[in-house]
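Input: a single structure, listed below in C-alpha cells.
Just so it is clear, none of the values below were taken in a lab; they were calculated from the coordinates. All of these numbers come straight from a predicted model, not from anything done at the bench. Don't worry about glycine lacking a Cβ; one is built from the backbone with ideal geometry, like all the others, and counts go over all protein chains shown.
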Amino acid sequence: MVETVKQAAASAQGAPYLRIANVVKKFGDTTAVDGVDLDIRKNEIFALLGSSGCGKSTLLRMLAGMERPTSGKIILDGEDITALAPYDRPINMMFQSYALFPHMSVADNIAFGLKQDKMPKGEIDARVAEMLDLVQMRKYANRKPYQLSGGQQQRVALARSLAKRPKLLLLDEPLGALDKKLRQQTQLELVNTLEQVGVTCIMVTHDQEEAMTMATRIGIMSEGQLLQIGSPAEIYDYPNCRFTAEFIGDTNMFAGPVVVDEPDSVEIDSPELGSRIHIDHGITGPKGMQVWASIRPEDVHLDVVPQPAGPNVARGEVHDIAYLGSFSVYHVKLASGKVVKSMVAANHWHENSITPPTWGDTVYVSWRPDMPVVLTR
Amino acid sequence: MNMSRLLRKLKPGKGAVIAVPYFWLLLFFLVPFFIVLKISFAEQDLAIPPFTSLLQVEDGVLQSLTLYFGNFHFIFTDGLYAATYLSSLKVAFFTTVMCLLLGYPIAYAIARADPARRNVLLMLVMLPFWTSFLLRVYAWMGLLNETGLINNFLMSIGLISEPLHLFHNDFSLYLVMVYAYLPFMILPLFSHLVKMDMRLLEAAADLGAGPIKAFLTITLPLSKNGIIAGSMMVFIPAVGEFVIPELVGGTDTLMIGKVLWNEFFDNNNWPMASAVAIIMVLMLIVPIALLHRYETRELEGKGNA
C-alpha cells in the first residue's frame with residue numbers, strides 16, 4: 001500500500017520510472033555505447049531501434065546487468081542498480097532465440113526464476129499456471145523446449161520472463177527468430193499480452209516495422225548514440241537527422257546550400273534536382289549552410305503533362321516501376337542521374353483517366369512546399 | 001535444397017561407410033570373442049594348443065560336442081575370483097570417481113578459456129599420449145621408488161630421514177591409475193562443456209540464480225552425458241587394467257588383469273584364463289550398454305542443445 005502511494009506520488013511528479021544517465025560502455029578502444037541519456041515512463045513499451053553493431057544490445061545487456069557500464073548510472077524506480085549483479089535485479093529478459101533451458105519442461109522453465117526466490121511450492125504452481133494461461137501454453141506444460149515450434153518457444157520465453165513480475169522487462173529481438181508471416185501476427189499478440197500484464201518494457205530490434213507496430217516510443221540508435229526519441233509518428237514525420245529519415249521508411253534526400261533564408265521560408269539549391277527546393281516553414285540557419293531536404297515517396301507527385309519550371313519540380317524519365325498491389329513506386333531518373341522515388345496509388349491513373357506512364361516515358365516530379373523536412377545533420 | 005539433394009545422391013555410399021567400422025568390429029572383436037568363448041568351455045590339456053577340442057569329428061561326422069563348465073564352476077565357487085572381481089570393480093570405481101572430481105574442473109576451465117588458449121590447454125592434456133604408456137608407468141616407478149627422485153629429494157633437503165613408503169601400495173596404484181586415465185575423462189567432458197550455450201547461464205542469472213546455483217541447475221545437468229561418457233571411458237578399461245597394478249600396485253592388490261596373466265602365462269591354463277575374461281566382458285557389457293544408450297539418446301532429438 002505504502003509502496004503504491006509512493007509510486008503514484010513519483011509518477012505524479014513526472015519522475016521517470018527508469019533513468020539511464022550518461023551511460024558509456026567501452027570494450028578496449030571501441031566505444032559501444034557513447035553517453036546515452038534516456039528516461040522511460042512506467043508501463044511504457046520502448047523500442048531501441050538500430051542496425052547491428054549500433055550498441056542497442058550492449059545497452060540492453062547493461063540494463064540486465066550482464067555488462068557493467070564504464071561510466072554513468074542506471075536508476076530503476078528510485079534505486080541505483082548500476083552495480084547490481086543480474087541475479088539481484090528486479091529485471092527479467094527475454095533472450096534472443098529465447099535461451100530456454102533444454103533439459104527442463106516448459107513448466108520448469110517458467111518456474112525456474114520463482115524457485116530462486118524460494119517461493120512456496122503452492123504459489124509457484126499457481127503462478128506457473130497463470131503464466132501458461134497468459135500465453136496459452138497450458139497444454140504444453142510438460143513438453144521439452146525442443147518439442148515446441150518457434151512461435152511456442154517464443155511464448156514460453158515470454159512467460160518465463162514475466163513470471164517473476166519484473167519491474168522492467170527486456171526483449172532482445174523478440175520476434176527475430178520467427179518467419180515473417182508469424183512475426184506480424186505475433187507482434188500484436190505480444191503487445192496485447194504486455195498491456196494485459198502492465199509491465200514496463202524495453203525492446204531491442206533492428207526491424208523498423210516491429211518497432212513501429214509495438215512500441216509507444218522509439219529511440220533510434222547509431223554508433224552508440226541515441227539520435228532521436230519519439231513516438232513512431234513523430235519519428236516518421238519529423239526525423240531530426242539524415243540517419244533517422246533514411247532508416248525509418250523510405251525517402252528522397254537532396255543535399256545543398258541554403259540560398260534564401262526568409263523568416264517563413266527557405267530555399268535550398270539542389271544541383272541534383274536541377275532547381276531549388278522551396279520550403280514554406282523556416283529553419284534557422286545561415287545562408288550558405290549545407291543542409292539536406294528529405295521528401296517521402298508518398299509526398300512526391302508524378303505527372304505526365306509538362307509542369308512549369310520552378311522550385312520543387314523536376315523532369316525525368318521512368319527508370320523502374322515497382323508494383324506493390326495497392327500502390328506502385330516509380331523510380332524517376334533526373335537529368336543529373338539522381339533517382340527520385342514516387343509512390344502512386346493504384347487507382348490514381350484510372351480515376352484521372354490518364355494512361356499510366358511506363359518505362360522510358362518522360363514524367364515530372366513535384367511536391368508541396370510544406371512536405372520537405374530540412375535536416376542539418 | 002542443394003544440400004539435401006547432395007545427401008540423397010550420397011545415400012548408396014552411406015551403407016559402405018557404415019560397413020567399414022562394422023566389418024572391423026566383427027573381425028577384431030566379435031570373432032576373437034567367440035574364439036575365447038569356445039576356449040573357455042574346454043579343458044586344460046598337455047597339447048598344442050593347450051586345451052581340448054569341443055567337437056569330436058570322425059569321418060566327417062560329428063560324434064560329440066563336449067562343453068566343459070568346470071572353469072566357470074571353479075570361478076563361482078572359489079572365493080578368490082569373486083574377491084578379485086570385486087577388487088577390480090572397486091579400484092575402477094574409485095579411479096573413476098577421482099578422475100571425475102579432478103577432471104571436471106580441468107575440463108570446465110579449458111572449455112571456458114578463450115579459444116586461442118583453449119587449444120594449447122587441450123594439447124597439454126593429450127601430450128602424454130605422445131610417449132609410450134609403459135614408459136610413463138616406468139617413469140612413475142622412478143619417481144616413487146624408495147631410492148626414487150621424490151624420496152631422494154626430500155631426504156637431501158632434510159625434510160625426512162627415512163624414505164617414505166610411496167610405492168607398491170594403494171597410494172601408488174590410485175595415483176598412477178588416475179594419472180593414466182585422466183585424459184579419457186577430460187576430453188568427453190570438455191566436448192560437452194564447450195558446446196554449452198553460454199546464454200543459458202545468462203538466462204539463469206537473469207532469473208535470479210547466483211553462480212553456484214546456476215552451475216548446479218544448468219551446467220551440471222547439461223553435462224550429464226559428458227560425465228557418463230567420461231566415466232565409462234575410464235571405468236571400462238580400468239577394470240581390466242593389468243600393467244599399472246602389476247608394476248606399481250601392492251603385491252596384495254587383486255586385479256582381474258593380473259589373474260588373467262597368471263592363468264595364461266604362469267599356469268598355461270588357457271581355458272581358465274578365457275573363462276575369467278568372458279565373465280569380465282559380461283560384467284562390462286552392462287556399463288557399455290548404458291553408455292551406448294546415452295550416446296544414441298544424445299544423437300537423437302536434442303537438436304537445440
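Have a look at the DSSP beta bridges in chain A and tell me what percent are antiparallel, nearest 5. Walk me through the intermediate numbers first.
Values: 61 of 79 bridges.
Expressed as a percentage, antiparallel bridges in chain A total about 75.
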Taking Cα atoms, how many degrees apart are the long axis of helix A:2-12 and the longest axis of chain A, rounded to 10 and kept between 0 and 90? 10
Going from the alpha-carbon gyration tensor of the stretch A:131-170, what semi-axes, largest first and in whole Å, does one get by taking the root of 5 times each eigenvalue? 19, 11, 8
What translational diffusion coefficient, in µm²/s and rounded to a whole number, does the Stokes-Einstein relation yield for the stretch A:135-275 at 4 °C and a viscosity of 1.567 mPa s, taking the hydrodynamic radius as the Kirkwood radius over Cα pairs? 72
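Which trypsin sites (Lys or Arg not before Pro) in the stretch A:66-122 pass both tests, a DSSP loop state and at most 10 other beta-carbon atoms within 10 Å?
On the way: sites: A:Lys73, A:Lys115, A:Lys118, A:Lys121; in loops: A:Lys118.
Here the sparse-neighbourhood loop sites are A:Lys118.
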Tell me, Kirkwood radius of the stretch B:89-211 from alpha-carbon pair distances, in Å? 17.1
Given a 10 angstrom Cα cut-off, can you work out which residue in A:Gly53, A:Gly28, A:Gly65 is the most mobile in a GNM of chain A? A:Gly28
Give me D for the stretch B:161-305 in µm² s⁻¹, whole number, from Stokes-Einstein with Rh from the Kirkwood sum over alpha-carbon pairs, 37 °C and 0.692 mPa s. 179
What is the projected area of the convex hull of the Cα atoms of the stretch A:205-291, averaged over all directions, in nm²? 6.6
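Quick check on the stretch A:299-345: what does the Kirkwood estimate of hydrodynamic radius come out to from the alpha carbon pairs, in Å?
Details: mean 1/r = 0.0888 Å⁻¹.
Answer for the stretch A:299-345: a Kirkwood hydrodynamic radius of 11.3 Å.
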Take each uninterrupted DSSP H stretch in chain B, measure its Cα extent along the helix axis, and return the ones at 30 Å or beyond whose mean Kyte-Doolittle hydropathy is at least -1.0. B:2-25, B:79-112, B:170-194, B:270-299
Would you mind telling me which residue in B:Pro128, B:Pro21, B:Pro271 has the biggest mean-square fluctuation in a Gaussian network model of chain B, where springs connect alpha carbons within a distance under 10 angstrom? B:Pro21
Binning every alpha carbon pair distance of the stretch B:1-138 at 10 Å from zero, what are the percents per bin? 8, 14, 20, 25, 18, 11, 3, 0
State, to one decimal in nm, how far the label point of A:Glu79 lies from the label point of B:Ala139, with both points 7 Å from Cα in the Cβ direction. 5.5
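How big is D for the stretch A:83-151, in µm² s⁻¹ as a whole number, if Stokes-Einstein is applied with the Kirkwood radius of its Cα pairs at 4 °C and 1.567 mPa s?
Details: Rh = 13.1 Å.
The diffusion coefficient I find is 99 µm²/s.
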After finding the eigenvalues of the alpha carbon gyration tensor for chain A, what semi-axes result from the square roots of 5 times each, listed largest first in whole Å? 47, 26, 17
Rounded to 10°, Cα long-axis angle of helix A:150-162 versus longest principal axis of chain A: 60
Dipole-positive endmost among A:Ser326, A:Phe95, A:Pro306 within chain A (Cβ charges, Cα centre): A:Phe95
What is the spread of the Cα atoms of chain B along each of their three principal axes, largest first, in whole Å? 79, 74, 34
Cα axis of helix A:106-116 to longest principal axis of chain A: angle in degrees, 0 to 90, nearest 10? 70
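Using the C-alpha atoms of the stretch A:303-377, what convex hull volume per residue, in cubic angstrom, is computed? Walk me through the numbers before you get to the answer.
On the way: hull volume 9.4 nm³, N = 75.
Per residue, the Cα convex hull of the stretch A:303-377 comes to 126 Å³.
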So, by mean Cβ neighbours within 10 angstrom, what's the order for B:184-197, B:160-173 with the highest one leading? B:184-197, B:160-173
Rg to Rh, two decimals, where the stretch A:200-256 supplies the alpha carbon set and Rh follows Kirkwood: 0.96
What is the mean projected area of the alpha carbon convex hull for the protein assembly as shown, to one decimal in square nanometres? 52.2
Cross-link candidates for B:Lys224: which lysines have Cα within less than 29 Å, leaving aside residues fewer than 8 places away along the same chain? A:Lys115, A:Lys118, A:Lys121, A:Lys139, A:Lys144, A:Lys164, B:Lys90, B:Lys195, B:Lys213, B:Lys302
Let me know the volume per residue of the alpha-carbon convex hull for the stretch A:200-351, in Å³. 157
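If you average over every viewing direction, what projected area does the convex hull of the Cα atoms of the stretch B:127-176 give, in nm²?
Values: hull surface 15.8 nm².
Directional mean of the projected Cα hull area for the stretch B:127-176 stands at 3.9 nm².
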Relative contact order computed over the stretch A:101-186 (Cα-Cα under 8 Å; 6+ residues apart), in percent: 36
Between B:Thr131, B:Thr219, B:Thr253, where does the largest GNM mean-square fluctuation fall for chain B, given springs only between Cα atoms within less than 10 Å? B:Thr131
When you look at the Cβ of every residue in A:115-123, what mean number of other chain Cβ atoms sits within 10 Å? 2
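Considering only the stretch A:166-285, what is the antiparallel percent among its DSSP beta bridges, to the nearest 5?
Values: 14 of 19 bridges.
In the stretch A:166-285, DSSP labels about 75 percent of beta bridges as antiparallel.
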